[in-house]
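So that we are looking at the same thing, I have put the structure below in structure tokens.
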Amino acid sequence: MIKRLVILLVILLVIGLVAAAAANYYYLSLLEPVDPTASEDNVVVEIPSGAGTEVIAEILEREGLIQNSIAFRYYARSNNLGHTFMAGTYQLSPAMDVEQIANKLQSGEVYAETTWFTIPEGYTLEQMSVRLEDEGLVDSTKFLELAGNPTESILDALPQLRSVDDTEVDYLLEGYLYPDTYEIYSNADEEEIIKLMLTRMNRVIDDESKARAEELELNIHEVLTIASLIEREAAVAHERERISGVIHNRLEIGQLLQIDATIQYILGETKEFLTYADLEIPSPYNTYQHPGLPPGPIAAPGQPSIEAALYPEDTDYFYYNYKYDDTGEHYFSETFEEHLENVRRAEENLD
């Protein structure tokens with residue numbers, strides 16, 4: 001009788017162990033991802049402030065992020081996570097298991113919607129402001145106000161700005177907002193966007209660039225000014241260094257730069273043919289009237305133009321003029337007589 005009882009107890013124990021093992025296996029399976037292949041199917045969920053584990057589990061199950069709310073609650077309770085989940089908006093995936101989801105809710109890494117924008121090379125600040133306003137990212141007026149009178153926080157993003165003489169420039173930040181493609185939070189304001197673009201420029205102007213500028217006896221403001229002239233004048237990439245060489249040659253002997261792009265900057269528009277009246281507009285940016293560089297950049301130069309400003313082609317050219325053909329190129333000449341002949345050739349192309 002006792003022997004039978006012992007056997008019965010052993011059988012019951014084995015059954016209990018098997019049942020426990022099966023229950024544990026089932027519980028662990030409920031902690032696995034709902035769909036391991038859905039790694040790109042992101043779901044944005046809102047965890048309300050003050051929500052307990054029960055409410056959170058119901059939200060996650062309703063959104064198809066966990067297999068079972070009870071299993072999630074048991075996992076949270078057994079790991080003492082009940083009071084560690086943080087309210088907020090999270091981006092989760094059905095490919096995440098319960099542990100990954102719990103870790104995300106503990107981290108407080110809330111989801112924020114982002115958007116992208118692109119600023120082309122050669123844009124002025126006013127063109128940037130219009131583009132960004134059209135995309136619903138900034139108020140154009142506020143953007144330009146900050147560009148002309150940046151806050152201390154903005155100046156901290158690019159310390160070189162503190163040494164710039166802003167008495168004659170139209171906008172202190174002209175030429176300093178690096179043209180590129182950016183990802184920002186959708187609720188970013190004008191100052192945050194400006195600081196992001198300045199920070200990018202700060203990385204472009206590295207120690208090597210600063211050292212090279214010193215070799216040329218230029219400061220970064222002058223480098224960016226030259227780079228902006230190249231950006232607006234060079235229609236084809238392979239002419240950047242040569243145009244830079246012409247600019248450097250003229251600066252070296254004190255010859256007027258006579259760059260049409262500076263007149264277009266004054267006018268606020270790109271005119272294919274400038275008039276004599278345009279060339280007589282009184283402005284410190286008028287390089288037909290004032291020797292040396294204009295007070296500051298006239299557009300946002302990209303890295304190729306910045307490098308061209310730092311590494312001009314070693315040439316004897318002092319003149320260039322647009323060919324007016326289908327190449328987008330210029331004629332380059334060493335003397336004024338050669339330049340006049342090239343102007344005649346360009347007029348023939350135009351005809």
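The values are calculated or read from the model by the stated rules, or taken from the named source; none is laboratory data. Nothing here was measured: the structure is a model prediction, and the numbers come from that model. FYI the Cβ positions are ideal-geometry reconstructions off the backbone, even for glycines, and counts take in every protein chain you see.
Tell me yes or no: at least one residue of region 107-115 is under 30 Å from Glu231 (Cβ atoms), touching a residue at least 40 places away in the same chain (Cβ under 8 Å) and exposed (fewer than 13 other Cβ atoms within 10 Å of the Cβ).
Step one: list which residues in region 107-115 are under 30 Å from Glu231 (Cβ atoms), which gives 114-115.
With the extra rule that they be touching a residue at least 40 places away in the same chain (Cβ under 8 Å), the set shrinks to 114-115.
Still in the running and exposed (fewer than 13 other Cβ atoms within 10 Å of the Cβ): 114.
The answer is yes; a qualifying residue exists.
Additional query: Suppose the filter is touching a residue at least 40 places away in the same chain (Cβ under 8 Å) and surrounded by fewer than 18 Cβ atoms within 10 Å (Cβ to Cβ); does Thr151 pass it?
yes
Can you tell me which residue within region 288-329, out of those that are assigned to a loop (DSSP other than H, G, I, E, B) and among the β-branched types (Val, Ile, Thr), is nearest to Gly122 (Cα to Cα)?
Ile298
Could you check, for region 256-268, whether at least one of its residues is surrounded by fewer than 14 Cβ atoms within 10 Å (Cβ to Cβ) and at pLDDT 95 or above?
Yes, the conditions are met somewhere in region 256-268.
Right, another one. Of all the residues that make up region 75-89, how many are surrounded by 15 or more Cβ atoms within 10 Å (Cβ to Cβ), within 35 Å of the chain's Cα centre (by Cα) and not in a loop (DSSP other than H, G, I, E, B)?
1
Which of the helices (runs of 4 or more DSSP H) contained wholly in region 230-287 include at least 3 residues that are out of contact with any helix residue (DSSP H, G or I) (no Cβ under 9 Å at 6 or more places or on another chain)?
By residue number, 240-253.
Residues to consider are Tyr322, Tyr265, Tyr288, Tyr317; find the one that is of a type outside the set (A, V, I, L, M, F, W, C), touching a residue at least 24 places away in the same chain (Cβ under 8 Å) and closer than 15 Å to Ser228 by Cα.
Tyr265
Let me ask something else about it. Return the residues of region 139-161 that are touching a helix residue (DSSP H, G or I) at 6+ places or on another chain (Cβ under 6 Å) and within 22 Å of Glu269 (Cβ to Cβ); say none if nothing qualifies.
If the condition is that a residue be touching a helix residue (DSSP H, G or I) at 6+ places or on another chain (Cβ under 6 Å) and within 22 Å of Glu269 (Cβ to Cβ), then Ser140, Phe143, Leu144, Ala147 are the ones that fit.
Ok, one more. Before we move on, is Glu313 within 17 Å of Glu233 (Cα to Cα) and among the charged types (D, E, K, R)?
Yes; evaluated as a whole, the condition is true for this residue.
With respect to Val223, determine if the residue is under 29 Å from Leu257 (Cα atoms), in contact with a Phe, Trp or Tyr (Cβ under 7 Å, 6 or more places away or on another chain) and among the β-branched types (Val, Ile, Thr).
Against the criterion (under 29 Å from Leu257 (Cα atoms), in contact with a Phe, Trp or Tyr (Cβ under 7 Å, 6 or more places away or on another chain) and among the β-branched types (Val, Ile, Thr)), Val223 does not qualify.
Also: Based on this model, can you work out whether Asn349 counts as touching an Asp or Glu at 6+ places or on another chain (Cβ under 9 Å), in a helix (DSSP H, G or I) and more than 22 Å from Ser209 (Cβ to Cβ)?
yes
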